[in-house]
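Each remark here refers to the structure printed beneath this line.
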Amino acid sequence: MATRAEVLEKLKTAASEGNIREAYREFEELPIVDQLAISVSPGVGDALAVYEVGEFAQRGSESLEEDEFLGALGNYGLSALAAASLIPIFRFFRGARAIKAAPTEEIKLLPDLEPTKVVEEATKDVPIPKVEEFKPLSLDEQMYPGTMFDNKAIEGASSDLVNKGLTSKAAKFVNTSKKLPNQGKAQAFINAMTKSGVSKGELRLLNVIDETGEIHPKLMSELEIRNPQGKITRQRLANYIKSNQQGALSRRRVNENQFAGRVDTPGAFGIKENTYHVRGTDRKGRFDHYSNIDEHKDNFVFDSIADLDLRVAADNINLDSIDKVRGFVGGNSLLNISRIQSDYAEELGELASRNKNDQVDQIRMSREFNDIAGEGSDIMNSDAGMFIRDAMLAVTREAPDLSPSKLKDKLFRDMLNDKTPVGKLYKRAVDDDFTVEDVDIGSLIKPEYFEKLIPVVKKAQADFPLTPYVDGKKVAALKKGLNAYNQNVPKVNKLAQDKFKIQNELQASGLTPGSPSYLRVSDELAEIDKQIADLVPPESFGNFGGFTLTKTDLEQATGRPFTESLGKSVDEIFYDLERLRGGDTGPIRQKYGPGTPEERALKYFNEMVNNTEQTFDIGNGLNILKKATKINPDLLKGYPMDAYAEASRSNVTKFPIRSNFLRAVTEGKDGMYLDSATKRLGKEGGSQYEILQTTYKQAEGEIAKIIRELGEDPKKYVRKFDDVDGDLDGTYVKIDQQIRDLVKDKGVDAFKDGGPVSIENMLAAL
């Protein structure tokens, strides 16, 4: 390659002769830094700008002849920008000299030189090729495969609802929205999904966004864009979401019931136990249920369900209660959800409680807090004084950003409301010692107490946040390193391939280690190693927990179609089979279908490269570096945000409730019945556990949400009875033909955006 000085000299000569084309070819091959240096050279820069106007216009017409519309549009735009001398390629330092130097009769300069106007004018007469029509995926293709039911053998199941699963709200929006363009910026598509109500939890699950809410590296890699503003087609996004639904959610039947004795509703039969699994859920230590079954051990939540026949129940339950339930649902056949429990949720709750206790302990042990306790008269050591310290602590933890005077006002306001943390403390203090009411608390609380306490509270909250999930700031810092790593991956792979080539040439040369030529090559190899180490420091290798590789990256590295690097033939992949469930007797399907052989091969490839392996073997002893997709969870304190996370806890009921509702519909049931928390926890001795009570309350609310999503009024379809037999206490949902038709047309979503959760609710949950 010619040097900068050589190219500059050629350009000067060519400019004086009026023929710059040949010299320009060498100019384009120079590094960007050298191009910039030449671009600002007197005389030469002007000549380059003039030449580029015609050159890029010519390239645009050639691209159109080859039906490369996007390439043509880009070249026409560069032609216009070169004419305006605003940003001709990367040589924006030239100013507006090209305008003066260029022959106006050839360039047809525009009077308005705003960049957008220039581009519009330059491209307005460019013929627009036909844009392919977006072909939406069917409702069946928008379902999570792991949630599908095989209902062919179920008596009474509707043929229209055989083998249905929970649908993806993200997939439904991308495939059905009438406002989405067929092509647009990736970030714009993501913004549209979140605005439409698609939960960020589902977008994380589908690898659309990452833990920090930014566009996922896997999406950028597979859709081959360099940044969030890169353009993608709606069709590729729909297919990407579909491929990431595979393995995201799964419902698994436990072959041998382990807790069937817990389901004791009269009239119940056909008891089934199921575990539910969510990709990315990180289980750490609590495995109280199904720990001896590998397939079920790492579950997100589990349930016990049964068929309930009201006619049989009438043998043990009074007829008035039976008639009330039957009159509402309009039949005798119900699906009874008797039990929902999650060891994972208990893990989260335990960590959140530990964080809360550690936070409070750190504040109480601080010098500032103890200084407050030591000030004043003996009254500070009385019941009233204990209340003052505890109340100041509670109100400051609740609102540490308020000023000292406002915190004092809030404390006195909350004392009058026994539903607030301070109000509860005051009621307890008065109950323990009625003389507390006679103490002038206002005179004992000084604003400077809050001034001392606020920074202590803020530090404790930073050290021990009220959440079991990882710190978002720490994730963002590690994400920055992940982005830098991914940007360097192509450079590293190029260097690795150069090194591999040099090593092979050195081996073939027969040079001895002591020869000068051998030593020179060795120095060259050492320099490559140094460059690689600078780009990817050794300490960074443990920072990531997942990696991926694109088809394009693989083809560029090997110089051959990606299908030749798979280890399996396209035919083998096409006929690859898998069992859905049931061990050796369950139903079988083509694992990577439907689709063309190449589409199936691509699914196989994506499955093969998305793992924890940092490199990919392309043969002949050469491995290429893969891009990172997620941060190593071991580097972070707490749990990764699961797909159903809401504030400080996970809503573990959404998945089983929605799945069982769909099951009840597909099995032709007249209704679905959820045991009440009082009934279930009372029978199992769990009524004292707040987290279990919260689980059942969430489940009750989820049923109403499903009905609303289908477009119906929950008051018509959901009911609780206050005066029925205890064995029938709970929440009922009616399933009539209207509901069945709606489910057939709309499906049942696996997610529903729960909306923001206030700090008060977060604290109350803890």
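The values are calculated or read from the model by the stated rules, or taken from the named source; none is laboratory data. This one's a predicted model, so the numbers in the text were calculated from it and none came from an experiment. Here the Cβ is made from the backbone with ideal geometry for all residues, glycine too, and neighbour counts use every protein chain on show.
Hey, can you tell me all the residues within region 484-506 that are more than 16 Å from Ala557 (Cβ to Cβ) and either modelled with pLDDT of 90 or more or not charged (D, E, K, R) (or both)?
Taking region 484-506 first, the residues more than 16 Å from Ala557 (Cβ to Cβ) are 484-485, 487, 502-503, 505-506.
Passing the criteria: Ala484, Tyr485, Gln487, Ile502, Gln503, Leu506.
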Thr435 fails exactly one of (1) within 30 Å of Ser540 (Cα to Cα); (2) touching a residue at least 24 places away in the same chain (Cβ under 8 Å), namely (1)
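Say whether the condition of being touching a residue at least 24 places away in the same chain (Cβ under 8 Å), within 21 Å of Asn370 (Cα to Cα) and in a helix (DSSP H, G or I) is met by at least one residue in region 462-472.
Yes: one or more hits.
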Residues of region 577-604 that turn out to be closer than 26 Å to Thr275 by Cβ and in a loop (DSSP other than H, G, I, E, B), as a count: 10
Being in contact with a Phe, Trp or Tyr (Cβ under 7 Å, 6 or more places away or on another chain) and more than 27 Å from Ala677 (Cα to Cα) is the filter here, so list the residues in region 341-361 that pass it. Asn355, Asp358, Gln359
Considering only residues of region 614-630 that are under 18 Å from Asn483 (Cα atoms) and charged (D, E, K, R), which is farthest from the chain's Cα centre (by Cα)? Lys626
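Is it the case, given these coordinates, that Tyr240 is outside any helix (DSSP H, G or I), modelled with pLDDT of 95 or more and closer than 30 Å to Met220 by Cα? Steps first, please.
On the way: outside any helix (DSSP H, G or I): no; modelled with pLDDT of 95 or more: yes; closer than 30 Å to Met220 by Cα: yes.
It is false that Tyr240 is outside any helix (DSSP H, G or I), modelled with pLDDT of 95 or more and closer than 30 Å to Met220 by Cα.
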Failed criterion for Ser540 (all others in (1) at pLDDT below 85; (2) farther than 30 Å from Gly213 by Cβ; (3) surrounded by 15 or more Cβ atoms within 10 Å (Cβ to Cβ) hold): (2)
In region 325-360, which residue that is in a helix (DSSP H, G or I) and modelled with pLDDT of 95 or more is surrounded by the most Cβ atoms within 10 Å (Cβ to Cβ)? Val325
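Within region 616-634, track down each residue that is assigned to a helix (DSSP H, G or I) and over 14 Å from Glu211 (Cα atoms).
Taking region 616-634 first, the residues assigned to a helix (DSSP H, G or I) are 633-634.
Within region 616-634, just Asp634 meets the criteria.
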Taking region 438-485, which residues are exposed (fewer than 13 other Cβ atoms within 10 Å of the Cβ) and among the charged types (D, E, K, R)? Asp438, Asp440, Glu448, Asp463, Lys473, Lys480
If Leu506 passes every condition in (1) under 36 Å from the mean Cα position of the chain (by Cα); (2) in a helix (DSSP H, G or I) but one, which one does it miss? (1)
